[in-house]
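Contents: one structure, followed by commentary.
The values are calculated or read from the model by the stated rules, or taken from the named source; none is laboratory data. The structure presented is a predicted model; accordingly, all values stated were derived computationally and were not measured. Cβ coordinates were reconstructed from backbone atoms using ideal geometry, including for glycine residues, and neighbour counts include every protein chain displayed.
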Amino acid sequence: MDLGLAGRTAVVTGASRGIGLAITRGLVEEGVTVVAAARSTSPSLDELGGSVHVVQVDLSTPDGPATLIGAAVDLLGGIDVLVNNVGAVHPRLGGFLSVSDEDWAATLDLDVLAAIRTMRAAIPHLTGRDGANIVTVSSVNAFLPDPGVLDYSAAKAALSNVCKSLSKELGPAIRVNTVSPGPVATDLWLGAGGVAATVGGAGGRSADEVVHAQEAAAPSGRFTTPREVADAVVFLASPRSANTTGADLVIDGGLIPTL
Ligand SMILES: NC(=O)c1ccc[n+]([C@@H]2O[C@H](COP(=O)([O-])OP(=O)(O)OC[C@H]3O[C@@H](n4cnc5c(N)ncnc54)[C@H](OP(=O)(O)O)[C@@H]3O)[C@@H](O)[C@H]2O)c1
């Protein structure tokens, strides 16, 4: 299926590894020129070649997102697609009372305000572009509140809510959609210091045991791959989904048991 994305331009945040890297790769394969943002680049990102411009920027800062979009406009001449992917999670093993104001501020900066600031800077440049749209990587935790990641859950709930509001304000000129993955096989879950190692270490279990328990919780019996999330994002970014806006696509192997 030709997705009709060839020749378009995109900005992807959190693009050096994991889901953002897979999204960048997927867009490049469709003929899109991408500005890929992270604090540092990676060999895998560099290998994607001349269709990718890496911008190294800390998106948790107030000025980082506007700096990124300014650089992207200079590099691309205009932006057709914005993918808000950057985010991070810190398991709160000490419970609600252990989460400080500083913890909350850091989570809200990276998991909500980074996307809000990036959209605020990008929307004037998306306006007037045929097929312009925004896809944001939220999480099942937006509607699956979890005390182990309660600040992350609250941040993702706010993020999905803002995106739904924006779909109403910006339609029909700019489509706005979200994807909500369950556990995905990236460093966030599986890396050193990731969710599995952190939760396992606190509970006397190995990281593998934590992963196996999580896998067993979903009907599919496994984590989602970064590429499976990326394929959904690339489809939503394409003209093939031209009448899809305000939608949230759950990609969780059936983890969420309700409709
Ligand atoms: N993995 C999952 O199970 C899962 C499930 C649901 C939703 N999600 C969401 O999917 C998104 C991507 O997650 P992932 O699993 O791919 O994470 P990841 O593997 O940890 O990758 C995070 C990416 O964001 C970049 N990044 C982190 N902090 C940054 C900052 N302050 N400024 C700029 N870039 C920054 C990282 O590069 P640098 O470190 O070089 O900056 C990296 O490229 C996040 O929004 C996450 O909440 C993930």
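Run ALA242 past the list (1) at pLDDT 95 or above; (2) closer than 24 Å to ARG92 by Cβ and report the number of the one that doesn't hold.
Evaluating ALA242 over (1) at pLDDT 95 or above; (2) closer than 24 Å to ARG92 by Cβ leaves (2) as the failure.
When you scan the stretch 116-207 for helices (runs of 4 or more DSSP H) that lie fully inside it, which ones turn up with 1 or more residues that are of a type in the set (Lys, Arg) and within 10 Å of the ligand (Cβ to nearest atom)?
Once the helices (runs of 4 or more DSSP H) in the stretch 116-207 are filtered for at least 1 residues that are of a type in the set (Lys, Arg) and within 10 Å of the ligand (Cβ to nearest atom), what remains is 150-170.
So that you can scan it fast, the table gives a plain yes or no per residue for (1) more than 19 Å from the chain's Cα centre (by Cα); (2) of a type in the set (D, E, K, R); (3) crowded, with 18+ Cβ neighbours inside 10 Å:
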site: VAL137; (1), (2), (3): no, no, yes
site: PRO147; (1), (2), (3): yes, no, no
site: GLY171; (1), (2), (3): yes, no, no
site: THR198; (1), (2), (3): yes, no, yes
site: ALA213; (1), (2), (3): yes, no, no
site: ALA217; (1), (2), (3): yes, no, no
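Could you count how many residues in the stretch 236-249 are more than 16 Å from the ligand (Cβ to nearest atom) and either surrounded by fewer than 19 Cβ atoms within 10 Å (Cβ to Cβ) or small (Gly, Ala, Ser) (or both)?
Going through the stretch 236-249 one residue at a time, the tally reaches 9.
Limited to the stretch 68-93, what total is found for residues that are farther than 30 Å from ALA196 by Cβ and touching a strand residue (DSSP E or B) at 6+ places or on another chain (Cβ under 8 Å)?
Summing the residues that are farther than 30 Å from ALA196 by Cβ and touching a strand residue (DSSP E or B) at 6+ places or on another chain (Cβ under 8 Å) in the stretch 68-93 gives 12.
Filter the stretch 22-37 down to the residues that are crowded, with 24+ Cβ neighbours inside 10 Å and aliphatic (A, V, I, L, M), then identify the one that is farthest from PHE235 (Cα to Cα).
By that ranking, first place goes to ALA37.
For GLN214, work out the one condition from (1) away from the ligand (no atom under 13 Å from the Cβ); (2) of a type in the set (S, T, N, Q); (3) without any contact (Cβ under 8 Å) to a residue 40 or more places away in the chain it doesn't fulfil.
The single condition GLN214 does not satisfy is (1).
Quick check on ALA105: is it in the same structural domain as ALA37 (by TED's automatic domain parsing), in contact with a helix residue (DSSP H, G or I) (Cβ under 6 Å, 6 or more places away or on another chain), at negative phi and not in a strand (DSSP E or B)?
no
Could you give every pair whose Cβ atoms fall below 8 Å, whose first residue belongs to the stretch 229-255 and is in contact (Cβ under 8 Å) with a residue 24 or more places away in the chain, and whose second residue is β-branched (Val, Ile, Thr) and assigned to a loop (DSSP other than H, G, I, E, B), counting only separations of at least 6 or pairs across chains?
Filtered contacts from the stretch 229-255: LEU236/THR244; VAL250/ILE256.
Quick check on this structure: which one of SER180, SER153 is within 25 Å of ASP109 (Cβ to Cβ), crowded, with 18+ Cβ neighbours inside 10 Å, hydroxyl-bearing (Ser, Thr, Tyr) and in contact with a strand residue (DSSP E or B) (Cβ under 8 Å, 6 or more places away or on another chain)?
When all the criteria are applied, what remains is SER180.
Within the stretch 73-94, restricting attention to residues that are over 30 Å from ALA207 (Cβ atoms) and in contact with a helix residue (DSSP H, G or I) (Cβ under 8 Å, 6 or more places away or on another chain), which residue is surrounded by the fewest Cβ atoms within 10 Å (Cβ to Cβ)?
This residue is GLY78.
Among the residues of the stretch 110-119, is any surrounded by 21 or more Cβ atoms within 10 Å (Cβ to Cβ) and small (Gly, Ala, Ser)?
yes
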